[in-house]
1. If you take just the strands (runs of 3 or more DSSP E) that sit entirely in the stretch 1-103, which of them hold at least 2 residues that are open to solvent by less than 30 Å² (accessible area, probe 1.4 Å)?
2. Filter the stretch 183-223 down to residues that are closer than 12 Å to Thr143 by Cα and polar (S, T, N, Q) and give me whichever is nearest to the chain's Cα centre (by Cα).
3. Say whether the condition of being in contact (Cβ under 8 Å) with a residue 12 or more places away in the chain, among the polar types (S, T, N, Q) and more than 10 Å from ligand 1 (Cβ to nearest atom) is met by at least one residue in the stretch 193-211.
4. If you check Ile128, Ile204, which single one turns out to be within 15 Å of ligand 2 (Cβ to nearest atom), among the β-branched types (Val, Ile, Thr), modelled with pLDDT of 95 or more and within 22 Å of Ala95 (Cβ to Cβ)?
5. Report, by residue number, each residue of the stretch 184-223 that is among the small types (Gly, Ala, Ser) and outside any helix (DSSP H, G or I).
6. Restricting attention to the stretch 119-168, and to residues there that are in a helix (DSSP H, G or I) and more than 15 Å from ligand 1 (Cβ to nearest atom), which single residue is least open to solvent (accessible area, probe 1.4 Å)?
7. Against the condition without any contact (Cβ under 8 Å) to a residue 60 or more places away in the chain, away from ligand 1 (no atom under 15 Å from the Cβ) and of a type in the set (Val, Ile, Thr), how does Val98 come out, does it pass?
Amino acid sequence: MNIAIDGPAGAGKSTVAQQVAKRLAYLYIDTGSMYRALAWAVLNNRVPIDDEAAVSGLLRESEIRLERERDSQRVFWNGQDITDQIRTPEVSQYASIVASYPSVREQMLVLQRHMAAGGNVVMDGRDIGTHVLPDADVKIFLTASTRERAERRLKELLAKGHQTDLATLEAEIAERDKRDMEREAAPLRQADDAVLVDTTGMTIDQVVERILKICERSGESIQ
Ligand code: CDP
Ligand code: CDP
């Protein structure tokens, strides 16, 4: 069985997908981390962000590797572990810009399908149910109010020692969601056959249980 989890920033996709994968002993693949890795490399190599050919060329010449580490995932760019450097607000904004380039998405699609080829994966992102794994057995569209998503991100960033505030984060999230929903290439949208889960006011455990129930029901109908 393959499980696709899509949704806007801060909906809880990575946290929940990771736990669902753990409970089912499936492989977890965080596709957002791949766009983040490219964004990090663009910043690090001073590649002009508005030059699609240069950004996409950088990806073509490089290697992104995702490695499982207990219940989470580490991200490598040309062998360098950059996991702890790709969650900054700057990388987030750059990630959604590089993700709007069709020539970047084409390459990511090939990489992501290759990673999922063995089956039994939980993959999260923006276009998993609509483009990467259109035949996924379970499709979840995870969301929450913009305010709550910003509050979750604020807690996370403050705990890591970043200086920011709720209004700034809310504006950044809204800007990124807009870019993700309005781009031409594989925009963020709920697949027709996805189950909508609004996690506003829900704890992580409650969301995980809800998704496992949906998977169970779907597993029964497949057999
Ligand atoms: O991957 P995505 O951007 O959708 O969200 P995430 O990184 O998994 O979650 C963002 C933050 O919200 C994390 O710090 C989670 O621990 C937290 N979270 C939460 O407080 N309640 C939930 N129901 C889901 C996530
Ligand atoms: O964790 P959060 O939801 O904030 O972001 P992420 O999942 O790490 O993704 C970062 C950015 O990559 C998103 O804003 C999207 O622009 C892009 N992305 C995408 O276009 N398609 C995906 N399958 C995953 C991420």
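The values are calculated or read from the model by the stated rules, or taken from the named source; none is laboratory data. Since this is a predicted model, take the numbers as computed values, not measurements. Cβ: placed from backbone, ideal geometry, glycine included. Neighbour counts: every protein chain shown. Areas reflect the complete protein model, heavy atoms only, side chains present, ligands, DNA and RNA absent. Shrake-Rupley method; radii C 1.70, N 1.55, O 1.52, S 1.80 Å.
1. Filter on the stretch 1-103 gives 3-6, 27-30, 72-77.
2. Checked the stretch 183-223; the qualifying residue nearest to the chain's Cα centre (by Cα) is Gln190.
3. For the stretch 193-211, residues in contact (Cβ under 8 Å) with a residue 12 or more places away in the chain, among the polar types (S, T, N, Q) and more than 10 Å from ligand 1 (Cβ to nearest atom): absent.
4. Values: Ile204 fails: within 22 Å of Ala95 (Cβ to Cβ).
Just a single option satisfies the conditions, and that option is Ile128.
5. Answer for the stretch 184-223, where residues must be among the small types (Gly, Ala, Ser) and outside any helix (DSSP H, G or I): Ala185, Ala186, Ala191, Ala194, Gly201.
6. Looking at residues that are in a helix (DSSP H, G or I) and more than 15 Å from ligand 1 (Cβ to nearest atom), I get Val132.
7. Values: without any contact (Cβ under 8 Å) to a residue 60 or more places away in the chain: no; away from ligand 1 (no atom under 15 Å from the Cβ): yes; of a type in the set (Val, Ile, Thr): yes.
Against the criterion (without any contact (Cβ under 8 Å) to a residue 60 or more places away in the chain, away from ligand 1 (no atom under 15 Å from the Cβ) and of a type in the set (Val, Ile, Thr)), Val98 does not qualify.
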